[in-house]
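Encoded as C-alpha cells, the structure appears first; notes follow it.
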Amino acid sequence: MVARVQVPGNAKRGEIIDIRIAIQHKMETGFRFDLFGKPIPKNVVNEVVCRYNGAEIFRAELGSGIAANPYMQFSTIAEASGEIVFDWVDDAGERGTERASITVSA
Amino acid sequence: MLPRSLRHACALACLFVWTCTQIGPVFAADAERPSPLRSGIEFTSADVRSLQDDDFQNPGMLWVTRGEELWRVAAGKSGKSCADCHQRAETSMKGVAARYPVYDAAAGDVVNLEGRINLCRTHRQAAKPLVYESENMLALTTYVAHQSRGARVEGAVPTELRASFERGRERYRKRIGQMDLACTHCHQQNWGRTLLAQTISQGHGNAYPAYRLEWQSLGSLQRRLRACYFGVRAEMPPYQSPELLDLEVYLAWRGRGLTIETPGVRR
C-alpha cells in the first residue's frame, strides 16, 4: 500500500498547519460482482489514525461510501518539533504506516 | 546555364520534393489536425482541473510514488534495478515520453513506453515482462512519463514509422462498431460538443497514463482507447496489438506540441 503524507517541514509554535494524507487503495465496496457473478468481498480502509508525538490528534472510520484512493485533510496546531505518524488498516487486516517530521520554532 | 528564374524554380521544386520525402504524410495530412490544438483537460470541469493541478490531491501521484520505489528495486537474474543503469530518472528519463512511440530497430517494430520498459525488463534485467495494465507496469510507466511533464509532444514521423503512421491514420477514419462511427467523427468533427454528460475533447494522449474518476484508478492510453471502442460497441483490440500501437503513433503526431500532463486526471 502506497501512501503520501504532507506536513509543513517548519512552523511557528501556535501556528495552524494543514496535514494531508492520500492512500492508494481500491476501497472495494462489497457491492460489486466479478466476471463470474461472484460477489467481490468488501475491503476498505476502515480506520485511519494520526498521532503527533504519540498523542492522537485525528481518527477516521471509513466505509463503503468512500471513493478509491482516499484523500483526507485536517488542520492542527503546531506545538512541538517531532513526528506525525499515520496508521491505518483495511478489512483484510493489511496495515500501513507513514510518517513525516516537523520542526517547530518559537 | 538556365535562366535565373528557372533555376530558382528548380531549386524550389527540389526543396519541395525533398520536404515531401522527409515529412511526406505529415505534410499532406496537416489539415487533419484540430485547430486550435487543445488538451483534454480544457474540456473538463473545474473540480477535475483542480484535482489534476494539485500534486498532492492528484490521485495519479500515488502511482508516481509507487514507480519511484520500483525504480530502485532489483529484478530478474541481472540483480539490477532501473536505477543501477539509468541513475536518477529526473535527468535520464526527462523528455523521453515526449518522443514515444518510436521504431525500435532491434525489435523490428513500433515500441511504446510500456513496450520499452518491458524490453528493459526482459533484455537488460533478465526478468519476466510486466503484465500490461498491471499495477507495477502502470506505476513504472507513469513514473517515467511524469519526468516529461511540461515537455511538448514531439510526434515526429521518421521514415521507419511511416507505415505505422499511415495505418493509424486510416484506422482513425474507419467506421467501427454497431454505432458505425470513426474516431474522427467525435474527436475531429465534433470536439467541443456534448455527448450525454461529457464534452467531447480533441482526443489527445498527452495526459496518459491518467487517473479516471470513472475507473477509480489510473489507466494507460490504450485502456482509454479501448474504452472508446467499447463506447461505439466495437470489438476492443487487445493491449499492444498493432492496431492500438498504430493509433498511438498517429495520435502523437496529431497532438504534437501539446504539453505532457502525466499523471492527468479525467472524468
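The values are calculated or read from the model by the stated rules, or taken from the named source; none is laboratory data. It should be emphasised that the depicted structure is a prediction, and the values quoted were computed from it without experimental measurement. Positions of Cβ are generated from backbone atoms using ideal geometry, with glycine treated the same way; all protein chains shown enter the neighbour counts. Please note that ligands, DNA and RNA were not included when accessible areas were found on the heavy atoms of the full protein model with its side chains. Shrake-Rupley method; radii C 1.70, N 1.55, O 1.52, S 1.80 Å.
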Residues from segment B:205-232 losing no less than 40 square angstrom of accessible surface in the full protein assembly compared with the chain alone, 1.4 angstrom probe, ligands and nucleic acids excluded, are B:216
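For residue B:195 and residue B:240 in the same chain, what is the full-extension length gain: residue separation times 0.36 nm, less their Cα-Cα distance, in nm?
Working: separation 45, 0.36 × 45 = 16.20 nm, distance 2.82 nm.
Result for the pair: 13.4 nm of gain on full extension.
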For residue A:40 paired with residue B:227, estimate the spin-label separation in nm (one decimal), with each label point 7 Å from Cα along the Cα-to-Cβ line. 1.5 nm
Taking a cut-off of 16 Å between Cα atoms, list the lysines near residue A:42, but don't count ones fewer than 8 places away on the same chain. A:26
About the Cα centre of the protein assembly as shown, how large is the charge dipole given +1 on each Lys and Arg Cβ and -1 on each Asp and Glu Cβ? Please answer in debye to the nearest 20. 1200 debye
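With a sphere of radius 14 Å drawn around the Cβ of residue A:92, what net charge do the other residues whose Cβ falls strictly inside it have (Lys, Arg +1; Asp, Glu -1)?
Computed value for this residue: -2.
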Residue-by-residue Karplus 3J(HN,Hα) for segment B:75-82, coefficients 6.51, -1.76, 1.60, Hz, glycine and proline x: 9, x, 5, 5, x, 10, 9, 4
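Rounded, prolate or oblate: which fits segment B:61-146, taking a ≥ b ≥ c as square roots of the Cα gyration tensor eigenvalues, rounded meaning a/c under 1.5, else prolate when a/b beats b/c?
Working: a/c = 1.38, a/b = 1.10, b/c = 1.26.
Rounded is the answer for segment B:61-146, as its axis ratio a/c remains below 1.5.
Summed for both chains, how many Å² of accessible area, to the nearest 100, are buried between A and B with a 1.4 Å probe?
Numbers: alone 6510 and 14190 Å², together 19470 Å².
Counting both chains, the buried surface is close to 1200 Å².
Using a ≥ b ≥ c from the Cα gyration tensor of chain A (square roots of the eigenvalues), is it rounded, prolate or oblate, where a/c under 1.5 gives rounded and otherwise the larger of a/b and b/c decides, a/b for prolate? Kindly include the intermediate steps, with their values, before the conclusion.
On the way: a/c = 3.28, a/b = 3.06, b/c = 1.07.
Prolate, since a/c reaches 1.5 and a/b exceeds b/c.
Compute, for segment B:61-146, the length of the dipole vector about the Cα centre, with Cβ point charges of +1 (Lys, Arg) and -1 (Asp, Glu) only. Units Debye, rounded to 20.
So the magnitude is around 280 debye.
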Which aspartates and glutamates, if any, have their Cα less than 12 Å from the Cα of residue B:94, not counting same-chain residues under 8 positions apart? none
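So what is the relative contact order for chain A, in percent, with contacts set as C-alpha pairs under 8 Å and at least six apart?
Working: 252 pairs, mean separation 35.9, N = 106.
About 34 percent, as a whole number.
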As a test question: what accessible area, to the nearest 10 Å², does residue B:149 have when a 1.4 Å probe is rolled over all protein chains in place? 100 Å²
Vicinal HN-Hα couplings computed from phi for segment A:87-102 (Karplus, 6.51 cos²θ - 1.76 cosθ + 1.60; Hz; Gly/Pro x): 10, 8, 8, 10, 4, 7, x, 6, 10, x, 8, 8, 10, 8, 10, 9
For residues of A:23-32, the mean tally of beta carbons on other chains within 10 Å: 2
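Over segment B:103-142, with every protein chain in place, what whole percent of the accessible area is carbon and sulfur at 1.4 Å, could you tell me?
Details: 1020 of 1870 Å².
That fraction is 55 percent.
Going by the alpha-carbon gyration tensor, a ≥ b ≥ c the square roots of its eigenvalues, is chain B rounded (a/c under 1.5) or, if a/c is not under 1.5, prolate (a/b greater than b/c) versus oblate?
Values: a/c = 1.81, a/b = 1.27, b/c = 1.42.
Since a/c reaches 1.5 but b/c is at least a/b, the shape of chain B is classed as oblate.
Work out, step by step, the length gained on full extension between residue B:55 and residue B:109: first 0.36 nm times the residue separation, then minus their alpha carbon distance; give nm to one decimal. All intermediate terms of the calculation are to be shown ahead of the outcome.
Working: separation 54, 0.36 × 54 = 19.44 nm, distance 3.54 nm.
Full-extension gain reported as 15.9 nm.
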Exposure ranking of B:187, B:86, B:123, A:25 by accessible area [1.4 Å probe, largest first]: B:123, B:86, B:187, A:25
Excluding same-chain residues fewer than 8 positions from residue B:128, which aspartates and glutamates have a Cα within less than 17 Å of its Cα? B:114
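Ordering B:53, B:180 from largest to smallest accessible area (1.4 angstrom probe), what's the sequence? Before the final figure, lay out each step's value.
Working: B:53 120, B:180 80 Å².
Sorted by accessible area, descending: B:53, B:180.
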